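Asker: Before anything else, here's the structure in question.
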C-alpha cells in the first residue's frame, strides 16, 4: 500500500510564543522551527506499517517556503521514501495557508499519486484549527478516522481507535481513508546521523499551487493578534490549614 | 438570517456544551434554530425545544445517524444548512470531528474554537495553545464555527418552547461503521462542566499513588483531571487530559497537584476562576498562575487536605 503523509513546519512546541508589538502576528525571528509534533507521529506510524510489510511507499508532502524542506528531510531520515514540496510564501506566523486550501492542495496530490490512505496530524500547533484531515476526507468522499490512538490496517478496511471525550471509540473505515493522529498513537523515533546523510539523496520534488490549480487567497483576515489576559500572580500559603481558610473565607469557592 | 446550532446529544439527552453554543449563537442573531440529527431521537429533540431562546428545532431521525459518524452526519448538516448564515457546534470531539467535513462540503473556511463574538463576521479564537488570541474576520457568506464551551455561559436548559419540524436525511454513506466505545466509567461530575476539578501530574509517581486524588475529589464533589505526563504514564485514561490537545476546562476551582505547569497544560486550565497549586518544587511554573500556592510534598499535603475538608 502507498501512503501520503502531509507534514508542516511550525514553531517548536517548546518555544514561548511572543506577540509582535504591532499586534499583526507573532514573532518568528530567531525562533526554532520543527516538524509539527502530531505530524511526526503520522510519519512514525507510516514507517511502522512499512516495517511490518503493510505499506510499500511513504510520500511526505509539505506546503510552505523553501525552509519547509528541512522537516521533509527529517521525515525522510526517519524513513519516508520521497517528498513533494508545494512552495508558497503565505505568512507563516498565523498558521500559513488556510486549512480548506491545504485540503484542496492535498486532494489534487491524492488524485495524482493515488495513495491507499492518508495519515496526518490532527492539528498543527500554530493555528490549532484541527480541520485539514476532515476537510480532505470530505473533498475526496473518503471515510475519516480522526484523533487516532490505534490503527489496524485490514483488507480493504482500517479499524481506527479514536480519543473522544467519553473514552476510546473504535470505528471501521472503508479504504481509502484519511486518518489523523493523536498523541498516544506512538512515540516517534530519533533520527540518526547516517540516516540524515542518506535522506539528502532522496527525491524531493518542488511544485507550485498553480501547478495544482488551487487558489490560496485567504477567506479569513486576521484583524489583530493580542496577548491573552495575564493572570496576576497569587500568594503562597504556608500550610494546608491556611489554604483551606483562604478557599473558604477569601475565595469562597468551597 | 437565522443561525443554526448543531446539538450534541445521545438521542435522549442534550450534552450541556450545546447550551454554551446556543449562547454564542444568540450573540450573532436572536433567531436560533437547533438541528438534532440522530436515531430514535424524539426525546433529545423535545429537550432541545425546551432550551431557552431556541425558536425552532429540526429533527432528523434515521438509523444511519444513531452514532456520530462524520461521514453520515456531515451531509445531513450541510443539506439542512440552507438559509442559515452561521452553523455552530461545540468544539468537543464531536464538533471537531464533524464540522470541518461540513465546512468542506459547503466550501467555507471554518472558524475553530471561538472564544468571543465581535460581530457576525468577526470572532476571537486562541492560537498557539492559547499563547495568543487572534481576531479573525471571515469573508465567506456562510460561516461554519466551532465554539469553545468554557468561553460562553450556558443558557437555561428549560423555559423555551421551540417550534418542532422534521429535516431531510441523506442516507448511509457506506464509508464507516461504529465498532465500540470503551467508556471511562465514573460517578463523578463531567470534567468539562464540573465546578471543581482536581488534577494530578507526574508527581504522583504511580497509578496506585494517583488513587490518592480520588479521595480528595470525592470530598469536594470534584471531577478528576490530569496532565499529559500522568496520562502517558498510564495513571488515568486519555479523556482525563487537560491541556492544549486535551480538554479545556474553566471551573470555579482548579486544584493542580504534582503538576509542574507546562505551557500545554496551562492552555487547558488557565481560565479557571481560582487556581490552587500544590507542588514540592517552589520554582514550578504552575505557581506563576496560581492564586494560592502551597509548596509541599503532595504525599503529606493531599491526605491532610482530604482529612481537614
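We did not get these values from a lab; they are worked out from the coordinates using the rules stated. Bear in mind that the values here come from a model prediction, so they are computed numbers and not experimental data. Counting neighbours? That spans all protein chains shown, and the Cβs are built from the backbone with ideal geometry, glycine included.
Asker: I'd like the orientation of helix B:17-28 relative to chain B: the angle between its Cα long axis and the longest Cα principal axis, in ° from 0 to 90, rounded to 10.
Answerer: Around 60 degrees separate the two axes.
Asker: For the stretch A:122-186, what does the alpha-carbon gyration tensor say about shape, rounded, prolate or oblate, given a ≥ b ≥ c as the root eigenvalues, a/c under 1.5 as rounded, and a/b over b/c as prolate? List each step's numbers first, then the result.
Answerer: Working: a/c = 2.01, a/b = 1.17, b/c = 1.72.
It comes out oblate by the Cα gyration axes.
Asker: Could you list A:203, A:45, A:27 in order of exposure, starting from the residue whose Cβ has the fewest other Cβ atoms within 10 Å?
Answerer: Working: A:203 10, A:45 22, A:27 14.
By the 10 Å Cβ count, ascending, the order reads A:203, A:27, A:45.
Asker: Along Cα→Cβ, 7 Å out, is where each label goes; now give me the distance between the ones at residue B:137 and residue A:189 in nm to one decimal.
Answerer: Going by the 7 Å Cα→Cβ label model, 5.0 nm.
Asker: Sticking with this one: Rounding to the nearest 10 and keeping the result within 0 to 90°, find how far the Cα-based axis of helix B:70-79 lies from the longest principal axis of chain B.
Answerer: The angle comes out near 50 degrees.
Asker: Give me the one-decimal Kirkwood hydrodynamic radius in Å for the protein assembly as shown, with the sum taken over alpha-carbon pairs. Please list the in-between numbers first.
Answerer: On the way: mean 1/r = 0.0413 Å⁻¹.
It works out to 24.2 Å.
Asker: Just want the ordering: B:139, A:124, B:260, from fewest to most Cβ atoms lying within 10 Å of their own Cβ. Intermediate values should be presented prior to the final figure.
Answerer: On the way: B:139 13, A:124 27, B:260 19.
So the ranking, lowest neighbour count to highest, is B:139, B:260, A:124.
Asker: Related question: Averaged over every viewing direction, what's the projected area of the C-alpha convex hull for the stretch A:2-223? Give it in nm², one decimal, please. Can you show the working numbers first?
Answerer: Values: hull surface 50.4 nm².
Mean shadow area of the hull around the Cα atoms is 12.6 nm².
Asker: Next question. Can you give the alpha-carbon Rg of chain B over 2.2 N^0.38 Å, where N counts its residues?
Answerer: Details: Rg = 20.6 Å, N = 309, 2.2 N^0.38 = 19.4 Å.
Dividing the Cα Rg of chain B by 2.2 N^0.38 Å gives 1.06.
Asker: How large is the convex hull of the C-alpha atoms of the stretch B:91-170 per residue, in Å³? Walk me through the intermediate numbers first.
Answerer: On the way: hull volume 11.8 nm³, N = 80.
Expressed per residue, the convex hull around the Cα atoms of the stretch B:91-170 is 148 Å³.
Asker: Sorting B:289, A:244, B:259 on the 10 Å Cβ count, fewest up front, what's the list? Walk me through the intermediate numbers first.
Answerer: Numbers: B:289 20, A:244 16, B:259 30.
With the fewest neighbours first, B:289, A:244, B:259 line up as A:244, B:289, B:259.
Asker: Mind giving me the nanometre distance, one decimal, between the label points for residue B:164 and residue A:252, set 7 Å out from Cα along Cα→Cβ?
Answerer: 4.3
Asker: Need one number: % antiparallel among DSSP beta bridges in the protein assembly as shown, to the nearest 5.
Answerer: Working: 39 of 114 bridges.
Approximately 35 percent, going by the DSSP bridge assignments.
Asker: Would you please calculate the Kirkwood hydrodynamic radius of the stretch B:35-129 over all C-alpha pairs and express it in Å, rounded to one decimal? Provide the component values of the computation, followed by the final result.
Answerer: Details: mean 1/r = 0.0685 Å⁻¹.
One over the average 1/r among Cα pairs gives 14.6 Å for the stretch B:35-129.
Asker: Right, something else. Any idea what the relative contact order of the stretch A:2-223 is, in percent, if you count C-alpha pairs under 8 Å spaced at least 6 apart?
Answerer: Details: 473 pairs, mean separation 54.6, N = 222.
That works out to 25 percent.
Asker: Then there's this: Using Cα-Cα distances under 8 Å and only pairs 6 or more residues apart, what relative contact order does chain B have, in percent? Don't jump to the answer; show the numbers that get you there.
Answerer: Values: 716 pairs, mean separation 46.1, N = 309.
Answer for chain B is 15 percent.
Asker: For the stretch B:201-303, what is the relative contact order in percent, using Cα pairs closer than 8 Å and at least 6 residues apart in sequence?
Answerer: Details: 184 pairs, mean separation 24.4, N = 103.
Dividing the mean separation by the residue count of the stretch B:201-303 yields 24 percent.
Asker: Here's another thing I want to ask about it. For residue A:205 paired with residue B:184, estimate the spin-label separation in nm (one decimal), with each label point 7 Å from Cα along the Cα-to-Cβ line.
Answerer: 4.4
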